[in-house]
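This report concerns only the one structure given below.
The values are calculated or read from the model by the stated rules, or taken from the named source; none is laboratory data. Predicted model only: the values in this text are computed from it and were never measured. The area values use the complete protein model at the heavy-atom level, side chains included, leaving out ligands, DNA and RNA. Shrake-Rupley method; radii C 1.70, N 1.55, O 1.52, S 1.80 Å.
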Amino acid sequence: MSTTFPDEVDRAALDGFAERYGDRRFATVVVLIAAYDEQDALGAVLDGMPAESCGLDVDTLVVVDGATDDTAEVALRHGALTCVAPRNRGQGAALRLGYRLAAERGARYLVTTDADGQYDIAELPELLQPLIDDEADFVTGSRTLGRTESTDLVRRAGTHVFAWLVSALTRQKITDTSFGFRAMKIEVPNSVRLEQRQYQSSELLVGVLARGYRVLEKPMTMLVRAAGQSKKGGNLLYGYSYAKVVLGTWLRERRSAPQPQDRPAAERISEPAAAVPER
């Protein structure tokens, strides 16, 4: 596992989880949610989680990222496995903690979604089945191939700009770099170097592509946030920070990892995103 967990926050969170659940093993599929101050939206998201998908048992794991509200209590009350970090560090740090916990407790497939209700959990089988069939290692939704309810024209334009940038850098067609509803084999996120505290979606995607994992996009739906406000800041700051992460990750991986274009296409990607008809 390439990601390290050096500080006392991770240790305290893992110790607290062990005290609450003992040595409980996870289901084959774990849906991971990183949540910070999402008490108003999280309950409805958890109530919609299935107990099984594609014939496999599903557990829901919520990593509470040092919340200042009742997010942890809501997660527990709605039946989610709940890991509480004592200090807020950002979505990236919370997800890394979840990746580690799921791997250590026996999960085979990992799915990420958000606490704010922007993704349709009914589309989960579309993400999982290609992994089960060994057609891909990493499956991500795409609002570009599917649809979005967002009316923010700047954010919508940014989705296309960053998709073009990542496609140009990695030489693989990608239509949506920041869609948070994704599924992957458990070893994938735990083998990629991850450092970002907040803008982690592009870091993971670029790292996965750079390391030659088979990546598949599926048409998905982006809903409006159910409650609360985004933690990502205004459009200008978000775009600048996101671009820094994309370019920084690509440069880092280019220096340290084998380039995916050096591998046969059949080994790199099971079904090019460009082959999926746009809606």
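Given a 1.4 angstrom probe, what's the average accessible area per residue across segment 166-212, in square angstrom? Walk me through the numbers before you get to the answer.
Working: 1320 Å² over 47 residues.
It amounts to 28 Å² per residue over segment 166-212.
Semi-axes of segment 30-100's equivalent ellipsoid from the Cα gyration tensor, sqrt of 5 times each eigenvalue, largest first, rounded to whole Å? Intermediate values should be presented prior to the final figure.
On the way: eigenvalues 82, 42, 14 Å².
Three semi-axes, in Å: 20, 14, 8.
When the gyration tensor of segment 114-215 is built from Cα positions, what are the square roots of 5 times its three eigenvalues, in whole Å, from largest to smallest? Let's see the in-between values first.
Details: eigenvalues 84, 62, 37 Å².
Computed over segment 114-215, the values are 21, 18, 14 Å.
Of all the accessible heavy-atom surface of segment 168-226, with the other protein chains kept in place and a 1.4 Å probe, what percent is carbon and sulfur? Don't skip to the answer; put the middle values down first.
Working: 810 of 1760 Å².
Here it works out to 46 percent.
For segment 17-159, what is the accessible area per residue in Å² when the probe is 1.4 Å? Don't skip to the end; give the middle numbers.
Working: 5620 Å² over 143 residues.
On a per-residue basis, segment 17-159 sits at 39 Å².
Give me the percent of the accessible area of segment 25-102 that comes from carbon and sulfur atoms, probe 1.4 Å, all protein chains in place.
Working: 1140 of 2720 Å².
With neighbouring chains kept in place, the figure for segment 25-102 is 42 percent.
Relative contact order for segment 12-80 using alpha-carbon pairs under 8 Å, separation at least 6, rounded to a whole percent? Don't jump to the answer; show the numbers that get you there.
Details: 81 pairs, mean separation 27.3, N = 69.
Relative contact order of segment 12-80: 40 percent.
Can you work out ³J(HN,Hα) from phi for every residue in segment 28-45, in order, using Karplus 6.51 cos²θ - 1.76 cosθ + 1.60 and θ = phi - 60°, giving whole Hz and x for Gly and Pro?
Those phi angles translate into 4, 10, 10, 8, 9, 10, 8, 10, 9, 6, 10, 4, 7, 9, 5, x, 5, 4 Hz.
Between the alpha-carbon centers of segment 34-89 and segment 177-210, tell me the distance in whole angstrom.
20
Show me, for segment 109-124, the HN-Hα J-couplings you get by feeding each phi into the Karplus relation (A = 6.51, B = -1.76, C = 1.60, θ = phi - 60°), rounded to Hz, glycine and proline as x.
Each residue of segment 109-124 in turn: 10, 10, 10, 10, 8, 9, 7, 9, x, 7, 10, 8, 5, 5, 8, 3 Hz.
Can you list the residues, at least 5 places off or on another chain, whose amide H is less than 5 Å from the amide H of K218, using H built in the peptide plane?
Sorted by chain and number, the residues that satisfy this are T140, G141, S142.
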